[in-house]
Structures are given as C-alpha cells and as structure tokens.
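Where a number appears in this text, it was derived from the coordinates with a stated rule and is not lab data. Since the structure is predicted, the reported quantities are computational estimates derived from the model, not experimental observations. We place every Cβ from the backbone using ideal geometry, glycine too, and count neighbours over all the protein chains shown.
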Amino acid sequence: MSNNWLEATLYGIVDLGYAPEDRLPEVTRALIAGGAGIIQLRAKDRTKDEILAWAKELLPICREADVPFIVNDFIDIAVAVDADGVHLGQDDGPLSAAREQFNEPKIVGRSTHSPEQAQAALAEGADYIGFGPLFPTPTKKGRPGIGLENIVGVQETVGSKIPVFCIGGIRRDNLPEVKAAGAQRVVVVSDLLLAEDIATAGQAIISHL
C-alpha cells in the first residue's frame, strides 16, 4: 500500500445504515471512482461474522485500486482480513493496544469531538483523526453537533502533522460553509451513499474542497 492516502481529501465510509448489503461492492467501487482516497467499512449493530464476510469481500476491491481499507471498531476483524488499518472511537481503548495486534505497521485512526481530544489523539500516535460531528447526524444519534468554530485551530495544529477529516452531517449543500470554516478534508456519508450517482457526487465534493 502506498502513502497516497495521506493526500486524500474525501474519506468514504461504506455504512450499512445506508448501503444495502447486496450493493456493498458496487458502492465501494463507486466511492473509489468518485475520488475517495480511503474506504472504511462501518456496520453498527451487525454480527462480527457478517462484518468479517463483508470485509473479505471489499478488501480486494480496495487493494486493486490502491486505496486503504479500514475496519471500524473491530481490531480483531481488521487483523483477520489483513486490512490496511482500523478506526477507533474514544471508548475503544488505546491506539497502542491496537497496533500491538497487527504484525506490521497499519493505519490507526481515532474519532475526536473536541480540540483537546484531537491533540490527545495526535500525542497518542494516531495516523489521522475524524473531527466532529460538525452537525447533528443520524449516524450519531443523541450526539449534538460540535459546530464549526474549532476547525481552524485543529487544522493548524493537528492538521499540520496528520490528516484531519471533518465529519458529521456534511453534505454537498453545506460543504461551502464547512470549507469556509477551515476544513480541508471531509467524510461525507449519507449524502454520498444516498446519491443517485455516488461517483459523480464524490467528484463534485472533491472539486469544491
């Protein structure tokens, strides 16, 4: 795997909350065609056997495109399929524990919800962070949006060292506002996965960053 993903401005998530099970490969290919420089499989409230099977199906698609394949939450699944990395939430344990389970260097990302958490993730050795949710979003029920005011500070500090992907309720129609607030990289979930043409929607997002 090359380090091309470090230049990615669009992070794609294959989220089972929006992507039908029988279309996961198609959705993955469309996200990549749309310019997503990194792909994550996120399947909340699904069995680990299901997630393992989907990971095995999607990994070769990402490998062929030289796009990193990341598993959300489950280090053991990421290890089992030899994924390119894992994404961990605030409550998913130390990053060092995740790295110890891999036999070689892998990408380890962290969700952060404040400038303090962003700085802590950098200090802990995260390869990238998600910063948000900027706006309230159905994918994070009950979590209020953190707003746009801290993007510039996090981008100037943490973002000068590792990629910072803003996330949470970002859509094509509010992307200009998010960019104006200082975002340089984004994660777009529902607006992409529910788009009539995912690849075209992805390209439109990238063209406006």
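Structure values in brief
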| item | result |
| --- | --- |
| Spatial separation of Cα centroids for segment 114-169 and segment 16-79, in angstrom | 22 |
| Amide proton proximity set for Q40, modelled H, under 5 Å, gap of 5+ | G12, I13, V14, I70 |
| Relative packing of 84-95, 42-53, which averages over residues the other C-beta atoms within 10 Å, highest first | 84-95, 42-53 |
| Cα lying deepest toward the dipole's positive end in the chain, options L122, L95, A65, charges on Cβ | L122 |
| Efficiency of FRET between E100 and L52 - r from beta-carbon atoms, R0 22 angstrom, step 0.05 | 0.60 |
| In sequence order, calculated HN-Hα J values of segment 183-193 (Karplus, 6.51, -1.76, 1.60; Hz; x Gly/Pro) | 5, 10, 9, 9, 10, 10, 10, 4, 5, 7, 5 |
| Gyration tensor over alpha-carbon atoms, the chain, equivalent ellipsoid semi-axes in Å | 23, 21, 16 |
| The chain: relative contact order in percent, alpha carbon pairs under 8 Å with at least 6 residues between | 22 |
| Tail weight of P(r) past 19 Å, computed on alpha-carbon pairs of segment 1-112, percent | 39 |
| Cα-Cα P(r), segment 97-185, percent of pairs per 10 Å interval | 17, 47, 28, 8, 0 |
| Cα-centred dipole magnitude for segment 4-207, charges only on beta-carbon of K, R (+1) and D, E (-1), debye, nearest 20 | 340 |
| Derived scalar couplings ³J(HN,Hα) [segment 158-172; Karplus, 6.51 cos²θ - 1.76 cosθ + 1.60; whole Hz; x for Gly, Pro] | 5, x, 7, 10, 9, x, 10, 9, 6, 8, x, x, 7, 9, 4 |
